[in-house]
Amino acid sequence: MRRRQLWFSCVLLCFGCAGPLKEFYPGTFLPEQRIYQNKPIGFSLAYRGNWDITTDPNRMKAHRKFARELHHTGAELLFIGFTVEKTQGTRCIVSNLNETNWEYAEQIQLINRAQIDSDNGLTNDTIGTLPMVRWEYSKDEFRFVEFFFAVDTYNLRVAFWTKPLLYGKFLPVYKEIMGTLALSDKH
């Protein structure tokens, strides 16, 4: 009996406590400038307004499980954040798939189909000079917009969400934020 308890304790210790997540593509958020930059991939985004953005998956608290799930598929949650009053959210996910924006967006749309309440479809878009695919949908009483784009072989998706009442007022702001997307040399 004691031997079985010891074995069970070892299993819990090994599998019950997951170790820290290693970042494939570490980025930083500079709160004073409100800029997220990712040097390994080679891009940055400037956020308008007062956002609290977390880049370390080990400090994402409620979203750590989601970050770990992405990790197991080879994707990475680069950041997640909220406005200080918690009325809006944002996140960025990267996968090194070397797909077109449209192919990547269709795959994500298909994977998430069962969890979406209302799907407004995919739209080709160009923000600044960068071609993107935009996906608008509703889920769990929130309106979402995701922007799919590629940097080299990396497929990225930046999402924003808020309550339906605020969505129409902030969609232009989300597009403006995406318009600050700057590509840079990898370091």
- request: Let me know the Kirkwood hydrodynamic radius for the chain, please, with Cα pairs as the basis and the value in Å to one decimal.
  value: 17.7
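Counting pairs of alpha carbon atoms under 8 Å apart in space and at least six apart in sequence, what relative contact order in percent does the chain give?
Numbers: 327 pairs, mean separation 38.2, N = 187.
Rounded, it is 20 percent for the chain.
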- prompt: Do the sum for the chain: with -39,500 (n - 2.57) for every DSSP H run of n ≥ 4, divided by all residues, what is the mean residue ellipticity at 222 nm, to the nearest 500 deg cm²/dmol?
  reply: -7500 deg cm²/dmol
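Report the full-extension gain for the segment residue 111 to residue 185: residue separation times 0.36 nm, less the Cα-Cα distance, to one decimal in nm.
Here the segment from residue 111 to residue 185 would lengthen by 23.4 nm.
Under a Cβ-Cβ cut-off of 15 Å, what is the net charge of the residues other than residue 67 that fall near it, where Lys and Arg count +1 and Asp and Glu count -1? Numbers along the way, then the final one.
Details: positive: 22, 59, 61, 64, 65, 68, 91, 157; negative: 23, 56, 69, 76.
With Lys, Arg at +1 and Asp, Glu at -1, the neighbours total +4.
By its C-alpha gyration tensor, with a ≥ b ≥ c as the square roots of the eigenvalues, how is region 34-83 shaped: rounded for a/c under 1.5, else prolate for a/b larger than b/c, else oblate? Write out the running numbers ahead of the final one.
Working: a/c = 2.91, a/b = 1.35, b/c = 2.16.
Note, shape of region 34-83 comes out oblate.
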- request: Find the relative contact order for region 56-111 and round it to a whole percent, using C-alpha pairs within less than 8 Å whose residues are 6+ positions apart.
  value: 24
task: Select from 166, 78, 110 the residue whose mean-square fluctuation is largest in a Gaussian network model of the chain (Cα-Cα springs shorter than 10 Å).
output: 110
- request: Mind giving me the nanometre distance, one decimal, between the label points for residue 68 and residue 86, set 7 Å out from Cα along Cα→Cβ?
  value: 2.3
- prompt: What are the lysines whose alpha-carbon lies under 26 Å from the alpha-carbon of residue 61, with same-chain residues fewer than 8 places away excluded?
  reply: 22, 39, 86, 139, 163
- prompt: How many nm is it between the label spots at residue 119 and residue 142, if each spot is 7 Å from the Cα in line with the beta carbon?
  reply: 1.9
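P(r) tail for region 60-168, what percent of Cα pairs lie past 23 Å?
Numbers: 1562 of 5886 pairs.
Of the Cα pairs, 27 percent sit more than 23 Å apart.
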task: Taking the Cα centre of the chain as origin, work out the dipole magnitude from +1 charges on Lys and Arg Cβ and -1 charges on Asp and Glu Cβ, in debye rounded to 20.
output: 960
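Laboratory data are not the source of any read-out in this text; all were calculated from the coordinates shown. What you are looking at is a predicted structure, and each value in this text was computed from that prediction instead of being measured. Note that each Cβ is placed from the backbone with ideal geometry, even for glycine, and that neighbours are counted across all protein chains shown.
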